[in-house]
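The values are calculated or read from the model by the stated rules, or taken from the named source; none is laboratory data. Remember, predicted model here, so these are calculated numbers, not experimental data. Here Cβ is always computed from backbone atoms with ideal geometry, including for glycine, and neighbour counts include all displayed protein chains.
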Amino acid sequence: MSDVRLIEAPLEIGFDVEDLNPTDFEKEYVQLGEAENDAIAQWLRNAKGKGEVGDSDGIVVQLLVELYRKIDRLEQVLLNTTPTKIPLSCNAKIGRIGYEYFELLEPLLTNGTYYYGRIEMPIHPTREVGFYFEAQSPTLAKIVRMHKKDINEWGIYMMARERAIIRHLKGYE
């Protein structure tokens with residue numbers, strides 16, 4: 001455990017013991033992983049594949065797609081058709097993260113127990129990420145299952161936090 005490198009990253013997590021509701025947790029995990037596979041994302045992939053969207057247009061198109069998704073979510077709220085998430089019994093604050101690990105501020109975990117968790121990632125666009133983790137100690141957890149794109153965004157967020165900490169230590173902020 002001594003080789004685990006963690007950096008400060010204030011996040012909030014909701015989690016529950018995996019064995020309590022494995023079928024529903026797996027369903028939500030898959031659903032959260034496919035959140036980007038909506039009709040507009042499929043259209044965008046097809047347009048890119050056909051060469052209808054150039055490299056210079058990519059950022060503008062991506063921003064328009066995100067605006068569309070926000071409008072779609074607002075419509076769901078107004079029509080009361082927002083998909084409900086599984087209620088998770090524990091909510092906690094994360095103090096530090098690593099590439100495969102995170103550490104809670106309070107000792108809420110049981111060694112060796114597997115959990116299902118959800119975090120709202122502070123990236124653009126903000127979205128919830130579902131994943132499974134195993135408790136290594138009452139505060140330390142190891143991520144054991146996460147979608148590939150979420151792993152990449154977790155790593156990007158961690159690197160951004162490292163850079164922010166370095167800038168702060170050097171007095172640039």
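Quick notes on this structure:
- Of all residues in region 110-138 being of a type in the set (A, V, I, L, M) and assigned to a strand (DSSP E or B), the one that is surrounded by the fewest Cβ atoms within 10 Å (Cβ to Cβ): MET121
- Within region 149-173, residues that are modelled with pLDDT of 90 or more reach partners that are assigned to a helix (DSSP H, G or I) and of a type in the set (A, V, I, L, M, F, W, C) with beta carbons closer than 9 Å, at six or more positions or on different chains, in the pairs ASP150/LEU32.
- Verdict on ILE86 being over 22 Å from GLU8 (Cβ atoms) and surrounded by 12 or more Cβ atoms within 10 Å (Cβ to Cβ): yes
- Of the candidates GLU12, GLU52, GLU66, the single residue that is assigned by TED's automatic domain parsing to the domain that holds ILE123 and either loosely packed, with under 15 Cβ neighbours inside 10 Å or at pLDDT 70 or above (or both) is GLU12.
- Of all the listed residues (ASN80, ASN91), the sole one being among the polar types (S, T, N, Q) and either part of a loop (DSSP other than H, G, I, E, B) or farther than 23 Å from GLU28 by Cα (or both) is ASN80.
- Among residues that are at pLDDT below 75, surrounded by 12 or more Cβ atoms within 10 Å (Cβ to Cβ) and under 30 Å from LEU105 (Cα atoms), ALA35 is included.
- Region 97-109, subset in contact (Cβ under 8 Å) with a residue 40 or more places away in the chain and part of a loop (DSSP other than H, G, I, E, B), residue surrounded by the most Cβ atoms within 10 Å (Cβ to Cβ): GLY98
- The one condition in (1) among the basic types (Lys, Arg); (2) outside any strand (DSSP E or B); (3) in contact (Cβ under 8 Å) with a residue 40 or more places away in the chain that ARG73 fails to fulfil: (3)
- Hey, LYS85 free of Cβ contacts under 8 Å to residues at least 40 places away in the same chain and basic (Lys, Arg) or not: no
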